[in-house]
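Read the structure below first, then the notes.
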């Protein structure tokens, strides 16, 4: 039993990326994990992914592009206000406008840039660069 499926999924992707694999299978697949991987796909960190139903649970088969330098979850899931994102960018990202922080807001899971534009705060979930 996994305590943090999101952390396990991002670690598996990062380790496969470091080794140089072209694809990785993530199990289990939740809606939150799918949304996070779709945002990573949108920002070109990973390739396309497909959901496979094996009868018991759902799997995600992800194509890797080799574009991830580092990714991981943010524990504990800090709350942040709409104007405090710079503090977290300095802590989790290597440079300004380099990488994304994924945030759970009342409008769904978005990147920190989208949250700044929409003027919403939320809870920090993960980072990727």
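Evaluate the following for residue 117: is it farther than 19 Å from residue 41 by Cβ, touching a helix residue (DSSP H, G or I) at 6+ places or on another chain (Cβ under 9 Å) and not in a strand (DSSP E or B)? When the stated conditions are applied, residue 117 does not pass them.
Applying the criterion of being farther than 23 Å from residue 111 by Cα and not in a helix (DSSP H, G or I) to the residues of the range 14-27, the residue that is modelled with the lowest pLDDT is 27.
Within the range 44-73, the set of residues being touching a strand residue (DSSP E or B) at 6+ places or on another chain (Cβ under 9 Å), surrounded by fewer than 19 Cβ atoms within 10 Å (Cβ to Cβ) and part of a loop (DSSP other than H, G, I, E, B) comprises 65, 67, 69, 70.
Within the range 105-122, can you find the residues that are surrounded by 15 or more Cβ atoms within 10 Å (Cβ to Cβ) and either assigned by TED's automatic domain parsing to the domain that holds residue 31 or touching a residue at least 24 places away in the same chain (Cβ under 8 Å) (or both)?
The first filter runs over the range 105-122 and keeps only residues surrounded by 15 or more Cβ atoms within 10 Å (Cβ to Cβ), leaving 105, 109-116, 120-122.
If the condition is that a residue be surrounded by 15 or more Cβ atoms within 10 Å (Cβ to Cβ) and either assigned by TED's automatic domain parsing to the domain that holds residue 31 or touching a residue at least 24 places away in the same chain (Cβ under 8 Å) (or both), then 109, 110, 111, 112, 115, 116, 120, 121, 122 are the ones that fit.
Checked against (1) free of Cβ contacts under 8 Å to residues at least 40 places away in the same chain; (2) part of a helix (DSSP H, G or I); (3) under 14 Å from the mean Cα position of the chain (by Cα); (4) closer than 17 Å to residue 111 by Cα, residue 88 meets all criteria but (3).
The values are calculated or read from the model by the stated rules, or taken from the named source; none is laboratory data. Small disclaimer: the values here were computed from a predicted structure and weren't measured. Methodologically, a virtual Cβ is constructed for each residue, glycine included, from the backbone with ideal geometry; neighbour enumeration extends over all protein chains shown.
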